[in-house]
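See structure below.
The values are calculated or read from the model by the stated rules, or taken from the named source; none is laboratory data. Note that this is a predicted model, so its numbers are computed, not measured. The protein model used for the area step is the full one, side chains on, heavy atoms only, and it has no ligands, DNA or RNA in it. Shrake-Rupley method; radii C 1.70, N 1.55, O 1.52, S 1.80 Å.
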Amino acid sequence: QVQLVESGGGLVQPGGSLRLSCAASGSIFSIYAMGWYRQDPGKQRELVAVITSGGSTNYADSVKGRFTISRDNAKNTVYLQMNSLKPEDTAVYYCYIEYSKYERPSLIHDYWGQGTQVTVSS
């Protein structure tokens, strides 16, 4: 069973910063990518940022220059540093992982965490 422990969400004023963390554990042999999605009620879940096992990163256009994703491979942990936060960033943020369970996997699995609320408001 895969577990994703998310932390760092909360309430922050516009222009402020938050740092999200997500630590993966469980039946994981290899991680291919980790990242963050977000979703507002009634809207589709959208990619915020992702980092691959090779270290490449991708960001949503709306967060480029403000958010930074990083990882600690030894801890199977991904971080999202969110600066210059805007009210439009308010959403539930979901940690995401692509991983394999076995040394010679036949499948690559996707999994989302329970989500953590980020609210940007004065």
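Hey, what D do you get for the chain in µm²/s if you plug the Kirkwood alpha-carbon radius into Stokes-Einstein at 4 °C and 1.567 mPa s?
Working: Rh = 14.6 Å.
Translational diffusion coefficient: 89 µm²/s.
If you build a Gaussian network model of the chain, linking Cα atoms that sit under 10 Å apart, which residue out of 64, 86, 43 swings the most?
Residue with maximal mean-square fluctuation among 64, 86, 43: 43.
Using the Kirkwood formula on the Cα atoms of region 12-51, what hydrodynamic radius do you get, in angstrom to one decimal? Walk me through the numbers on the way to the answer.
Numbers: mean 1/r = 0.0774 Å⁻¹.
When all Cα pairs of region 12-51 are included, the Kirkwood radius is 12.9 Å.
For region 4-122, calculate the relative contact order in percent as a whole number, restricting contacts to Cα pairs under 8 Å that are 6 or more residues apart.
Working: 280 pairs, mean separation 42.6, N = 119.
The value is 36 percent.
Which residue, 16, 54, 35, has the most motion in a Gaussian network model of the chain that connects Cα atoms within less than 10 Å?
Ranking 16, 54, 35 by mean-square fluctuation puts 54 first.
With a 1.4 Å probe and all protein chains left in place, how much of the accessible area of the chain comes from carbon and sulfur atoms, in whole percent? It would help to have the intermediate numbers written out before the result.
Values: 3030 of 6740 Å².
The C+S portion of the solvent-accessible surface of the chain is 45 percent.
Where is the GNM fluctuation largest for the chain (alpha-carbon springs, 10 angstrom cutoff): 56, 30, 106?
Of 56, 30, 106, the Gaussian network model singles out 106 as fluctuating most.
Keeping every protein chain present and rolling a 1.4 Å probe, give me the accessible area per residue for the chain in Å². Present the calculation step by step, with values, prior to reporting the outcome.
Numbers: 6740 Å² over 122 residues.
Result: 55 Å² per residue.
So if each residue of separation counts as 0.36 nm, and I subtract the Cα-Cα distance between residue 62 and residue 5, what length gain in nm does that give? Can you show the working numbers first?
On the way: separation 57, 0.36 × 57 = 20.52 nm, distance 2.55 nm.
Stretched out fully, the residue 62 to residue 5 stretch lengthens by 18.0 nm.
Top to bottom by accessible area (1.4 Å), largest first, where do 72, 110, 89 land?
110, 72, 89
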